[in-house]
Amino acid sequence: MQNNYEHYITKNIQAFYKKRLLSPVTYLLLLAVLWVLFPLGDMLHPKSLTADTLADSFQAKERYVNTSFHDLKFTGYTSTGHGKTTGYYYYTMYKNQCIIVLLSPRTCEEGLPVISSLSVTGRIVEGKNNYRKLLAYISTDLNWTEKGILDQMSPCFFSEPDYHPAATRILFAIYFCTMIYTLCYLTSCIIYIQAPYLSPPCQNLVVFGKPGKLLAQAEEELATLPQLATEDMFITEHFFIMTSAYANAIVPIDEILWIYKHSTLHKFLWYHFSISYTMHITAARHLHIHCPKNTKSDIDGIMDYLAEANHDILVGFSEENRLKVQAVQGKPFHIEKLYALIGRRRVNS
């Protein structure tokens with residue numbers, strides 16, 4: 001067991017948030033990789049089609065583009081999906097090459113024979129089996145050979161239905177919202193590592209006094225003379241302290257109202273392999289702490305010591321104790337914190 005408790009709480013808070021840096025950093029790297037590997041920027045802001053051929057634009061990964069076409073002629077063929085027509089195939093000339101353009105039903109008014117001019121945004125798609133079948137049908141209609149039409153037509157085609165503005169907006173809303181949230185979380189972790197007194201375990205103390213001062217007092221008491229110590233729970237003269245892998249907490253003993261424990265049976269299929277115990281602490285101002293995955297002996301020892309240190313603490317879970325605690329609780333905890341912060345700012349000003 002650790003014997004040197006010098007700055008022990010601060011070090012554990014820092015270690016707690018250092019372990020939480022991996023997930024946001026990994027997620028941000030994943031977002032960056034997706035942005036580089038896929039044409040996400042083009043999806044958000046499609047570029048103007050400037051390449052000499054559709055194939056050149058496809059190879060350059062400029063897949064989502066906006067452009068203007070002239071003298072579009074309906075091929076007589078449509079694209080279907082889920083039992084309905086999703087697009088109409090047209091052909092036109094683009095920079096001395098014949099290309100296929102797939103238009104949505106609304107754009108072409110359900111298959112206009114000829115469209116003289118059209119500005120449209122869509123996606124450049126590599127032609128595969130269905131595209132080859134379409135060209136085979138067109139070659140038959142024109143009395144061409146399949147090889148002949150494949151030599152004349154672009155291997156890629158322009159598809160308006162493959163560009164989904166609404167879905168794109170939703171995708172990017174999720175992308176940027178999760179990125180902003182992850183950046184905020186990463187920033188907060190870095191701040192808590194650099195200034196542990198700003199972390200939630202310490203800021204929860206704002207309703208009892210100055211968090212930095214109470215942290216320093218708890219550190220001093222733990223370093224000089226801890227009165228009871230388990231693997232991750234400690235009692236000093238004035239504080240209960242938890243420094244586990246699941247959370248950190250500092251609670252003034254005089255502010256504790258109620259303590260109780262419950263057991264959790266861990267099993268896999270039909271095999272019961274362990275029982276762990278969680279201690280719950282309810283303090284004044286609606287502060288609630290739970291200490292999970294401990295042994296019964298450790299929790300019983302902590303509860304007995306706390307009950308002895310503060311005879312007003314209610315011990316054990318019961319409806320009677322719950323009602324007693326409810327009767328003495330004041331405003332909700334977040335309101336208490338707000339009042340405490342406002343009051344402190346007024347005093348300092």
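The values are calculated or read from the model by the stated rules, or taken from the named source; none is laboratory data. A quick note: this is a predicted structure, and the numbers were derived from the prediction, not measured. Counting neighbours? That spans all protein chains shown, and the Cβs are built from the backbone with ideal geometry, glycine included. We work out accessible area using only protein heavy atoms, side chains counted, and drop any ligands, DNA or RNA first. Shrake-Rupley method; radii C 1.70, N 1.55, O 1.52, S 1.80 Å.
Quick notes
- Unique match (being open to solvent by 80 Å² or more (accessible area, probe 1.4 Å), modelled with pLDDT of 90 or more and among the hydrophobic types (A, V, I, L, M, F, W, C)) among Phe268, Phe317, Phe273: Phe317
- All positions within segment 212-253 that are surrounded by fewer than 18 Cβ atoms within 10 Å (Cβ to Cβ), free of Cβ contacts under 8 Å to residues at least 40 places away in the same chain and in contact with a helix residue (DSSP H, G or I) (Cβ under 7 Å, 6 or more places away or on another chain): Gly212, Glu237, His238
- If you go through segment 92-114 and pick out every residue that is farther than 17 Å from Asn66 by Cα, of a type outside the set (Gly, Ala, Ser) and surrounded by 15 or more Cβ atoms within 10 Å (Cβ to Cβ), you end up with 2.
- Of all the listed residues (Thr236, Thr278, Thr230, Thr243), the sole one being closer than 22 Å to Thr10 by Cα, hydroxyl-bearing (Ser, Thr, Tyr) and in contact with a Pro (Cβ under 8 Å, 6 or more places away or on another chain) is Thr236.
- Apart from one condition, Thr140 fits all of (1) in a loop (DSSP other than H, G, I, E, B); (2) over 14 Å from Pro161 (Cα atoms); (3) not hydrophobic (A, V, I, L, M, F, W, C); the exception is (1).
- Checked across segment 62-71, the condition of being among the small types (Gly, Ala, Ser) and surrounded by 18 or more Cβ atoms within 10 Å (Cβ to Cβ) holds for no residue.
- Of all residues in segment 80-113, those satisfying the criterion of being closer than 30 Å to Trp35 by Cα and in contact with a helix residue (DSSP H, G or I) (Cβ under 8 Å, 6 or more places away or on another chain) are Tyr94, Ile99, Ile100.
- Ala51 touching a Pro at 6+ places or on another chain (Cβ under 8 Å), open to solvent by less than 30 Å² (accessible area, probe 1.4 Å) and among the hydrophobic types (A, V, I, L, M, F, W, C): no
- For the condition out of contact with any strand residue (DSSP E or B) (no Cβ under 6 Å at 6 or more places or on another chain) and more than 22 Å from Arg285 (Cβ to Cβ), Ala229 qualifies.
- Residues of segment 150-164 satisfying the condition of being surrounded by fewer than 19 Cβ atoms within 10 Å (Cβ to Cβ) and farther than 16 Å from Thr67 by Cβ: Leu150, Asp151, Gln152, Pro155, His164
- Taking the numbered list (1) of a type in the set (S, T, N, Q); (2) closer than 30 Å to Asn4 by Cβ; (3) part of a strand (DSSP E or B) in turn, Gln217 passes all entries but (3).
- Among the residues of segment 70-79, just one is touching a residue at least 60 places away in the same chain (Cβ under 8 Å) and either under 27 Å from Leu44 (Cβ atoms) or out of contact with any helix residue (DSSP H, G or I) (no Cβ under 9 Å at 6 or more places or on another chain) (or both), namely Ser79.
- Within segment 151-166, tally of residues that are hydroxyl-bearing (Ser, Thr, Tyr) and under 11 Å from Tyr91 (Cβ atoms): 1
- Leu198 vs. criteria of a type outside the set (Val, Ile, Thr) and at pLDDT below 90: no
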